[in-house]
1. Hey, can you tell me all the residues within region 252-275 that are buried (at least 20 other Cβ atoms within 10 Å of the Cβ) and not aromatic (Phe, Trp, Tyr)?
2. Of all the residues that make up region 480-490, how many are open to solvent by less than 50 Å² (accessible area, probe 1.4 Å) and among the aliphatic types (A, V, I, L, M)?
3. Look at region 547-559 and say how many of its residues are open to solvent by 20 Å² or more (accessible area, probe 1.4 Å) and either among the β-branched types (Val, Ile, Thr) or touching a residue at least 12 places away in the same chain (Cβ under 8 Å) (or both).
4. Can you name the helices (runs of 4 or more DSSP H) wholly within region 713-794 that have at least 1 residues being free of Cβ contacts under 8 Å to residues at least 40 places away in the same chain, aliphatic (A, V, I, L, M) and open to solvent by less than 20 Å² (accessible area, probe 1.4 Å)?
5. What's the number of the only condition in (1) of a type in the set (S, T, N, Q); (2) within 28 Å of Ile694 (Cα to Cα); (3) in a loop (DSSP other than H, G, I, E, B) that Gln562 fails to meet?
6. Just to be sure, is Leu205 buried (at least 22 other Cβ atoms within 10 Å of the Cβ), over 22 Å from Met250 (Cα atoms) and of a type in the set (A, V, I, L, M)?
7. For region 134-142, state whether one or more residues are at pLDDT 90 or above and either open to solvent by 20 Å² or more (accessible area, probe 1.4 Å) or in a helix (DSSP H, G or I) (or both).
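The values are calculated or read from the model by the stated rules, or taken from the named source; none is laboratory data. Treat the numbers as computed from the prediction; the structure is a model and nothing was measured. Note that we place each Cβ from the backbone using ideal geometry, even for glycine, and neighbour counts take in every protein chain shown. Remember, those area values only see protein heavy atoms, side chains included, never the ligands or the DNA or RNA. Shrake-Rupley method; radii C 1.70, N 1.55, O 1.52, S 1.80 Å.
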Amino acid sequence: MLPLKPTCALIGSTLFALLLSGSSRNAASPTLPNNSRAAAEMKRLYEEGVRQYASAEYSGAREAFLQAADFAHQAGDESKAAFDWNNAGNTSIRTMQFGAALEELKHAQQIAESAGTLRPLIYTLNNLASLYIKMGQFNKAVLTAQEALDGPAGHADAATRALLLCEIGEATAELKRFDEAVPYYIDGINGLLDAGDPNMAATVLGAFGTDSLKERRLDLAEWALGEGLRLLEMMGRNASASILRGLAKMKGLKGKPDSAATLFQAALDAPPGPTPRWGIFADRGQFRLDSGDLTGALADYREARRMVTRIRVDMVPADQDRVTFESGLSDVLEGLVDAGNQLARQNGDRAVLRETFDAAEQDRLWSLRSLVPTPNDWRKRLPEHYWELLAQFQTLERTGTSQPKPDLEKQLMRLGTELQQIEANAAGNPAADEGTPESPLDHVTSVLDDESVLLSFHISKTSSWVWAVDRRGVDVYPLPPGKQLEAETTAFARAVRDGAPSAKPGAQLYRDLFGSVPDRYLHHTSWRLELDGPLYELPFAALVAAEDSRGPVYLIQRAVLQSVPGALLLKRDTIPADGELLAIGDPIYNTADSRYRGTRGGSGLMLPRLPNTAAEIDACAHAWNSPGQALLTGKTAQPAAVEAAMRRSPAIVHFATHVISGPGDFHSGLIALSLDSDGAMGLLGPKDIVARPIGTKLVVMNGCHSSQGQALPSAGLMGLTRAWIGAGVSAVLATQWDVEDGEAKSFITDFYRALRAAPARGAAFALREAQLSAIRDGKGMPGWAAYSLLSRMP
């Protein structure tokens, strides 16, 4: 099948007796100083840690390693201290305490780098790569493992170098680059066999087989899993949970349900290992779901979710880590929702229907809960050097937009990781003190009024759903599969953006989304849309709800529309009629601008001027007509001045600026502000926004595609809109594509007039009034349909 080295000559070889593995993680045994009581105690503690680890007594093992590290530090043996911190982090990975593991491993890395001890550094980098894989940060895993191979790996043993290749293989496969991952896997497995470690080679073969199954490469999966099983049998060892799980999935795919069921149970009965039990339950749940056993599938997914919820409590509360980890667990929620909703529709079980809705809403909340400001907000505990690092991060982002460099991603990764760790330390563990949260369904029915309905979407590859909720209760209705909705949404959004959509695709997509929902819900005049997957790109206002003698009737003509970040985040709130307006427009974007007074001739990022935006913010200020107004243009539209003005928490903040794509995570946009005296572009990105909580009610970004960002499972749409909600803003108005300057000015002025006339009715009502005015005036659809509102106000 593939070139794999023979193993018979290796079975009698000496294995790494002191290897501690999460899935491929090393615990090393460094040289200890002789003739000292400290050396004896360090050795005793180390051996105790190894013993307890081998007995699966992980809490005791971690404590022993941490005590050994403390003794080593007091004795001045920083190399030994780094090893033991690494071993403690390794043990925390095994128990899925990812927050503790990241802290311990980063500490081990810092000690090793400061002391210049390369052997513990290579082991720690290997463990960090493994941790990043478990946290769903696959690019970080590849970069960390490659950094180790390119740097200190020459000081490590052959087995560790082989493990690093396996880490790259696993992470690359998760990045959907399977063909690229295969040679890394094979070279790594052969390296482990050369080093005399068939046990670890079998473990990696199990992972390789599992990744092959994901790609439906059944022959390759059967070979890898079979080789792994053969190695274990040759060593007289029982099959591991990883290999049993893979074989069970393969039998299921080959239409052998009895064998699959037996193997899944054997995997669950196997001794604890690197394969998480929640993953086995989730896989068996999918197998049972595919077999039509809805009750069994729901039971498995419930157990998987119970385990995942316990893991979340310890998850690093930095936003990037949280959302990537959550996205990796989305299959558990998808399975629970699919099995539960099918069962509820089959037998009318309202309790199960409530369970699926509540589970989906709790998952949405989890990815945002640590961002939204609280009285004891974690941002108040950020140290001073956090802001210095954030400034460095901004500089790198700016460099990436103007002069892309090959090593920029690695620099951003390192600095981003340091920022995330500081955020994690400041946040602590808020989940431990939260208690039992309010039922999402109870919360929604309490905050909606009689005219409102929440339509909450759950989109997956195979089956999708929409929950309809009003004050009287909840129902759920099936939707087409995610791939069909994605194709239809992409085509319709493109047609609207191009300016001449026919009524047919808009009507068909409306029927696909709402055709199964009864009029009881659709007759509500205020719709709250909780979006998922491709629907973040859908211009809902332009959907065709009906046709009459005059032509298409757009959805916005039927109802007030707004999207919500999560049902549990809905709160009663209003925009004060006399609230201050802060408006930023017509920044200085290039050194050729006659208003620029700094150094010329630089090679930094330059953008064309937006001269019409000065008139736009003047018109908006006149339409809002509040006592307090601050208009920042030209050189006053620099980051420092904008941040100072925002510290007053104005009621409304309006940006009439460029929004550019940055090199950071999740394809998020960056608000472009004025150049400084050195010609460097001012940028305001998601990290800057989230770091500074404000009490603003409404942010308007009347820029180019200001709602851009990647839609992630469970976490939702990343980018600037999410960041503003995370900073405490109640509502964000943004654009889904570029709008011509004159049309943007006219539309947004109408919006402010409507908001001023009826502030208590909210931004969603004002947005609809502006859209209806544009339709009556015969204005093109690309303009009025581009605007969308994300709001916590019900």
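1. Gly252, Ala260, Leu263, Ala267, Thr275
2. 1
3. Total meeting the criteria: 6.
4. Correct list: 741-757, 762-776.
5. (3)
6. No, not satisfied.
7. Among the residues of region 134-142, at least one is at pLDDT 90 or above and either open to solvent by 20 Å² or more (accessible area, probe 1.4 Å) or in a helix (DSSP H, G or I) (or both), which makes the answer yes.
Residues are listed down the side, and each one gets a yes or a no for (1) in a loop (DSSP other than H, G, I, E, B); (2) under 26 Å from Gln411 (Cα atoms); (3) open to solvent by 10 Å² or more (accessible area, probe 1.4 Å); (4) modelled with pLDDT under 90:
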| position | (1), (2), (3), (4) |
| --- | --- |
| Ile660 | no, yes, yes, yes |
| Phe666 | no, yes, yes, yes |
| Leu670 | no, yes, no, yes |
| Asp678 | yes, yes, yes, yes |
| Arg692 | yes, yes, yes, yes |
| Cys704 | yes, no, yes, yes |
